[in-house]
1. Based only on other Cβ atoms within 10 Å, what is the fewest-to-most ordering of 10, 206?
2. What percent do you get for the relative contact order of segment 116-255 when only Cα pairs under 8 Å and 6+ apart count?
3. By how many degrees, between 0 and 90 and to the nearest 10, does the Cα long axis of helix 105-114 differ from the longest principal axis of the chain?
4. Which of 217, 111 has the fewest other C-beta atoms within 10 Å, and how do the rest follow up to the most?
5. Listing 160, 82, 190 from the residue with the fewest other Cβ atoms within 10 Å to the one with the most, what is the order?
6. With viscosity set to 1.002 mPa s at 20 °C, what whole-number translational diffusion coefficient in µm²/s follows for segment 3-247 from Stokes-Einstein and a Kirkwood radius over Cα pairs?
7. Restricting the count to DSSP beta bridges whose residues both fall in the chain, what percent are antiparallel, rounded to a multiple of 5?
8. What percent does the relative contact order of segment 3-247 come to when contacts are Cα pairs within less than 8 Å and at least six residues apart?
């Protein structure tokens, strides 16, 4: 049975175009250079699982016709990955139940503090709100009959999780992958990996570092995400090795 990964948002924390910027990428006519903040969607066996809830989640779901979601995985708790969490309340309404929220204990601690109302059972709450159940994870686990494997790695000093299901792995916000986690990424059909910009950054792979890491991992196809406005889509793709390219909002990868 196939697995699909949709890139709902491929941009960095500022989004592209960035407020007040007139650079070539922020003013580009290429729709692939318009990058909302990072989220993705796994689709398998008639189930849909969000990875992160970016500030543009509502618009991303409208663009990609996401009508229902069955669970949420979080990579970490930075604002560009979680600030759209309130928008999942419509999925609660359609499902008629809580949504399971899967993440590391540290990430859940931050999210349940930031969005305490969404995790609190309150029958007297005066409006619709998300109804969420936190589920801490660290090892591979079963979700709707599929094995989901958390991939721990470093985002600067912070440990975050990428996720693998079948032959697809999604690993944004990355500056170092330890050997043990790299082993979890062997024999991939599709890898989606952080590739921020050309110049170095303390908490993200530059595009040259991302290419080097992608070669180590050896996926059959690699897409780079969490892209800043140093990288113009078409020009950058022309420079990348075979089997590697920039992701873009709305990209669908399947295996």
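Since every read-out is calculated from the coordinates, none of them should be taken as a lab result. Being a predicted model, the structure only gives us computed values, none of them experimental. As a convention, Cβ positions derive from the backbone with ideal geometry for all residues, glycine included, and neighbour counts pool all protein chains shown.
1. The fewest-first ordering by Cβ neighbours comes to 206, 10.
2. Answer for segment 116-255 is 16 percent.
3. For helix 105-114, the angle is close to 70 degrees.
4. The fewest-first ordering by Cβ neighbours comes to 217, 111.
5. Details: 160 28, 82 24, 190 20.
Lowest to highest Cβ neighbour count: 190, 82, 160.
6. Working: Rh = 18.2 Å.
Calculated translational D: 118 µm²/s.
7. The answer is about 55 percent antiparallel.
8. On the way: 518 pairs, mean separation 37.5, N = 245.
Answer for segment 3-247 is 15 percent.
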